[in-house]
1. So, with +1 on the Cβ of K and R and -1 on the Cβ of D and E, and no other charges, what is the size of the charge dipole of segment 110-162 about its Cα centre, to the nearest 20 debye?
2. Tell me the label-point distance for the pair SER158, THR74, using the 7 Å Cα-to-Cβ offset, in nm and rounded to one decimal.
3. In what sequence do ASP44, ASP71 fall when counting other Cβ within 10 Å, fewest first?
4. Over the chain, what relative contact order in percent results from Cα pairs under 8 Å that are six or more residues apart?
5. Counting other Cβ atoms within 10 Å of each Cβ, which GluC sites (Glu not before Pro) in segment 25-81 have at most 13 and sit in a DSSP loop?
6. Counting only helical runs of four or more DSSP H residues, what would the 222 nm mean residue ellipticity of the chain come to if each run contributes -39,500 (n - 2.57) and the total is spread over all its residues?
7. Please report the orientation-averaged projected area of the chain, defined via the convex hull of its C-alpha atoms, in nm².
8. Please work out the Cα center distance from segment 135-150 to segment 46-84, rounded to the nearest Å.
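The numbers here are math on the coordinates, done by the rules we state, and not lab data. What you are looking at is a predicted structure, and each value in this text was computed from that prediction instead of being measured. No Cβ is skipped: glycine too gets one built from the backbone with ideal geometry, and neighbour counts run over all protein chains shown.
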Amino acid sequence: MTEEERRMLDTAPDESMVCKVCHRALAFIKAKDGSESWEHFAQDALVGHKPVPVNAKTGKLLGRCDFCNTDLETEIWFLPVSEFLAGIDPRTGRMQAYKDDWAACPDCAPLIDANQWSALARRTQSVWEAAHAVPAPQDRITGWRQLQRLVRRNISGSLYRVE
Ligand SMILES: [Zn+2]
Ligand SMILES: [Zn+2]
């Protein structure tokens, strides 16, 4: 076992997570930059939706809305979006690929459904500002708008709800 693998095991959480959508077990991933996430295992990676982590024992959701970043509760929507490439990730220097469907909370879903993308961008901004208690920096606002514009251009189906 390498030093890195040992560190990874040390920090892996004790609880196990399953995906609310496909009910498969999820893998705990710790990236080099320290960010942590739950992902589908390789054999389930082509399922076409983002993993929605739920604690296997308590059923508690850990997912977030891909549009405004609030925690997902029981009501989860998905927007089918074709894979696309966005700007360069400043941390890795690589182009960022977005695949799988986009998760949306009950507040963002109606805005997407009604094609109200300006209102959606304003909501993303106000949720961020409420969480950080400062006005959102202009480069972030521009980034959200660009990303949501790319999402909009690559929509491949209608919004659907996951029970
Ligand atoms: Zn899944
Ligand atoms: Zn949302």
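1. 160
2. Label at SER158, label at THR74, 2.5 nm between them.
3. So the ranking, lowest neighbour count to highest, is ASP71, ASP44.
4. It comes to 20 percent, rounded to a whole number.
5. Counting only loop positions with at most 13 other Cβ atoms within 10 Å, the GluC sites (Glu not before Pro) in segment 25-81 are GLU73, GLU75.
6. -8500 deg cm²/dmol
7. Averaged projected area of the chain's Cα convex hull equals 10.8 nm².
8. For segment 135-150 versus segment 46-84, the Cα centre distance is 21 Å.
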